[in-house]
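Quick notes on the structure that follows.
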Amino acid sequence: MSAVRGAAGRLTGLGLIGTLLVGLGMPALQRLGDDAFLMLAVAGGVIAALGARLDGIEGRRALTIIIGAGLAMRVLALPAPPILSTDIFRYVWDGIVQGAGINPYRYVPADPALASLRGAAVYSFINRADYAVTIYPPVAQAFFFLVTRLSESPLALKVALVACEGATLLALVGLLRLTGQPVTRIAAYAWHPLPIWEIAGQGHVDGLMIALMMLGLWLALVLGRRYAGAGAIILAALAKPFALIALPGLWRPWDWRMIGLVPVVIAAAYLPYLSVGRGVLGFLATGYVEEEGLSSGAGFTALRIWRGCVGEWPHDTAIYLGLCLAILAALALRTGFRAVRTPTRSLHDINLSIVTLLFLLSPEFPWYLLMAVPFLSIAATLPGWALTVGGFMLYDVVPGDPQISFEGRSALLAAVVAAAGLAQVALVRRQEAPR
């Protein structure tokens, strides 16, 4: 009994330290700069990892401590000013536009047709307001519409996204119990600094995508409802497309019904917005790829490093994207065609695909890395931790704060993740070696 109390005390202490770090985060960023914020984030990641590895505590007590501390961290982050990202103002705007009965894919925010909807509290902060229609898919749009019917404010959306995290935690608890792991592992998600700052603090729609994706895995693996789980994952991809990479973990060889489910769900979700025709693809089809350097290849860290070593080659962007597609397809096929699979194996396969996707595409914005965080609870790897905690080094939001270039920081992150991957391979081989 004393050992249990001691473990519970250590877990409580870690939760208090993590909460203190969150409380210091935004003031440190504003006064001391991005590097101070990075150091606090790394410390928060260490706290989350330590908390996730504390065993020997009765499940209900552990959940109370972890969820209580995680909620406190989010309450501290909710009032954070939107200086890491202004995306949430576009979310609110899209909800307002839909509330007026207008298709959000029809007009850019600055269009005179929407002049009557503009308010300084939201419109003034919308990015790309004068040249980009919304980029967000229909499930995200439905979410924006529903939340803004209650309150047309960024805070309301943040609260709703934190509520989505509650669904993520419930799914994680079910998956942990299914795979025979201690429930304390949820600390890896509940206390991780990335969802605290990017979902509760900045209100990114990834919180909705993650909740639907994890709900899909819970439905399929815990309840055995594969098609319902696949449907939830497709809906998650209609909040943010990257979620579709989890689908091979539910597929069985030659299951054409699940393959056919994908276009059916996509078509049904887009149906209410088809009055604009091909415009439903929004800014994704009208400039995002070029603006983010994806068409030129400048947006891919590994390709930038290659070009720095050997120079730019003809068609190297197409070659790089072809290699990425081949690697991801190989992982998906290996996952889908496994002769013997367990929930644990499927979760590890999905995690490997997600981390590989994020490493190869190297998104510029840290919140794209959020989808890897839940797997730190159920299928943790060293590259996953390195990617999601190290992603904070991509920030450069404080004017005049001296930092190395973004290219240098992204290359450093890639090197850290690659080194973590090699360490993970060595660790697995050591564990599998005969004794």
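Within 10 Å, count the other beta carbons around each residue, average over each peptide in 336-348, 228-240, and list them highest first. Intermediate values should be presented prior to the final figure.
On the way: 336-348: 15.1, 228-240: 24.3.
The most tightly packed comes first, giving 228-240, 336-348.
Taking ILE88, ILE259, ILE199 in turn, the Gaussian network model of the chain (Cα-Cα springs below 10 Å) assigns the largest fluctuation to ILE259.
Residue-wise HN-Hα couplings along segment 103-113, as the Karplus relation 6.51 cos²θ - 1.76 cosθ + 1.60 with θ = phi - 60° gives them from phi, are 5, x, 8, 7, 10, 6, x, 7, 4, x, 5 Hz; Gly and Pro carry x.
Counting only whole DSSP H helices of the chain, the ones at least 20 Å long by C-alpha along their axis and with mean Kyte-Doolittle hydropathy no lower than 0.0 are 2-32, 34-52, 59-77, 154-178, 256-270, 316-336, 343-361, 406-432.
Quick one: Cα centre-to-centre distance for segment 263-277 and segment 170-243, in angstrom? Computed from Cα coordinates, the inter-centre distance equals 25 Å. Rounded to two decimals, the Cα-based Rg/Rh of segment 1-134, with Kirkwood Rh, is 1.19. Principal semi-axes of the equivalent ellipsoid, √(5λ) from the alpha carbon gyration tensor of segment 74-148, are 21, 15, 11 Å from largest down. Once you've got the GNM for the chain with C-alpha springs shorter than 10 Å, pick whichever of GLY201, GLY308, GLY25 has the biggest mean-square fluctuation. Highest fluctuation among the options: GLY308. Taking other residues whose beta carbon is less than 13 angstrom from the beta carbon of ALA423, and scoring Lys, Arg as +1 and Asp, Glu as -1, yields +2. From helices alone, the chain scores -19000 deg cm²/dmol at 222 nm; the rule is -39500 (n - 2.57) for each run of n ≥ 4 DSSP H residues, then divide by the residue total.
P(r) tail for segment 164-209, what percent of Cα pairs lie past 12 Å? Show your work: numbers first, answer last.
On the way: 634 of 1035 pairs.
Across segment 164-209, Cα pairs with separations above 12 Å total 61 percent.
Just checking the listed ones, LEU413, LEU215, LEU333: in the Gaussian network model of the chain with Cα springs under 10 Å, the one fluctuating most is LEU333. Taking Cα pairs under 8 Å and at least six residues apart, what relative contact order does the chain come out at, in percent? Relative contact order here is 18 percent.
The charge dipole of the chain, taken about its Cα centre with unit charges on the Cβ of Lys, Arg, Asp and Glu (plus for the first two, minus for the last two), comes to roughly 1680 debye.
Work out, step by step, the length gained on full extension between ALA285 and LEU271: first 0.36 nm times the residue separation, then minus their alpha carbon distance; give nm to one decimal. Let's see the in-between values first.
On the way: separation 14, 0.36 × 14 = 5.04 nm, distance 1.81 nm.
Extra length from ALA285 to LEU271 when fully extended: 3.2 nm.
3J(HN,Hα) couplings calculated from phi for segment 391-404 with the Karplus curve 6.51 cos²θ - 1.76 cosθ + 1.60 (θ = phi - 60°) are, in sequence order, x, 5, 6, 6, 6, 8, 10, 9, x, x, 7, x, 8, 5 Hz; Gly and Pro show x. Ranking VAL22, ILE67, ALA415 by how far each Cα lies toward the positive end of the dipole of the chain (charges on Cβ) leaves ILE67 at the top.
The numbers here are math on the coordinates, done by the rules we state, and not lab data. Values in this document were obtained by computation on a predicted structure and should not be read as measured data. Cβ: placed from backbone, ideal geometry, glycine included. Neighbour counts: every protein chain shown.
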